[in-house]
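See structure below.
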Amino acid sequence: MTTPVCTSASAAAAPARQTYPSFASYVRARQPVLLRTARSLTANPSDAEDLLQTALAKTYVAWERIEDQRALDGYVRRALLNTRTSQWRKRRVDEFACDELPEPEPVPGGDDPAERQALHDAMWRAVLRLPARQRAMVVLRYYEDLSEAQTAEVLGVSVGTVKSAVSRALGKLREDPDLVPVR
């Protein structure tokens, strides 16, 4: 027995009333945005690509059951979050958290032309240090530009939970020692 999937969690985030004739056309059109979401949920770009591939495989299986084409992004985002949560629960033993990420030796000789990239990297490291739930809420609110209500709907929590968790996450980011010199 199959149940039709019809949600409108990301109707505002998706292009207005755009329909996709095939799964391949949807992937071609939305892959950069979805990859950015996957990248925000993982610490490694390769893991993000694998995560997106897995979520797209799950979406492909359900493609015929998705009645509302405007809900596709929400469906895939939910698949990304669920898959990442499952991966986190089954985390391999050879993966471990460390206090500092290894950084390449600075190149001698003058100004660093990648100051903007350094800020971007510092911000991502700070976001990745947030607890998974807070990180997901910050990513959906600020990187995916969803409203509090849309974020709450995607994650299946109340709007108040989103507000308080995002507030705590922003407080942690404000106090992050790696971001202090950048301010």
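Of the residues making up the stretch 130-171, those that are of a type in the set (D, E, K, R) and surrounded by fewer than 16 Cβ atoms within 10 Å (Cβ to Cβ) are 133, 145, 163, 168. If you go through the stretch 22-46 and keep only what is free of Cβ contacts under 8 Å to residues at least 24 places away in the same chain and either open to solvent by 50 Å² or more (accessible area, probe 1.4 Å) or in a helix (DSSP H, G or I) (or both), you end up with 24, 25, 28, 29, 31, 32, 35, 39, 44, 45, 46.
For the structure I just gave you, tell me whether residue 81 is at pLDDT 90 or above, more than 20 Å from residue 29 (Cα to Cα), open to solvent by 10 Å² or more (accessible area, probe 1.4 Å) and among the aliphatic types (A, V, I, L, M).
Values: at pLDDT 90 or above: yes; more than 20 Å from residue 29 (Cα to Cα): yes; open to solvent by 10 Å² or more (accessible area, probe 1.4 Å): yes; among the aliphatic types (A, V, I, L, M): yes.
Here the answer is yes, as residue 81 does meet what is asked.
Take the conditions open to solvent by less than 50 Å² (accessible area, probe 1.4 Å), more than 17 Å from residue 135 (Cβ to Cβ) and either outside any helix (DSSP H, G or I) or not aliphatic (A, V, I, L, M) (or both) and apply them to residue 50. Does it pass? So residue 50 fails the test. Within the stretch 63-82, being under 16 Å from residue 34 (Cα atoms) and out of contact with any Ser or Thr (no Cβ under 7 Å at 6 or more places or on another chain) holds for 72, 78, 81, 82.
The values are calculated or read from the model by the stated rules, or taken from the named source; none is laboratory data. The shown structure was predicted, so the numbers you read here are calculated from the model rather than taken from an experiment. All Cβ positions, even for glycine, are placed from backbone atoms using ideal geometry, and neighbour counts span all protein chains on display. Surface areas here come from the heavy atoms of the whole protein model, side chains and all, with no ligands, DNA or RNA. Shrake-Rupley method; radii C 1.70, N 1.55, O 1.52, S 1.80 Å.
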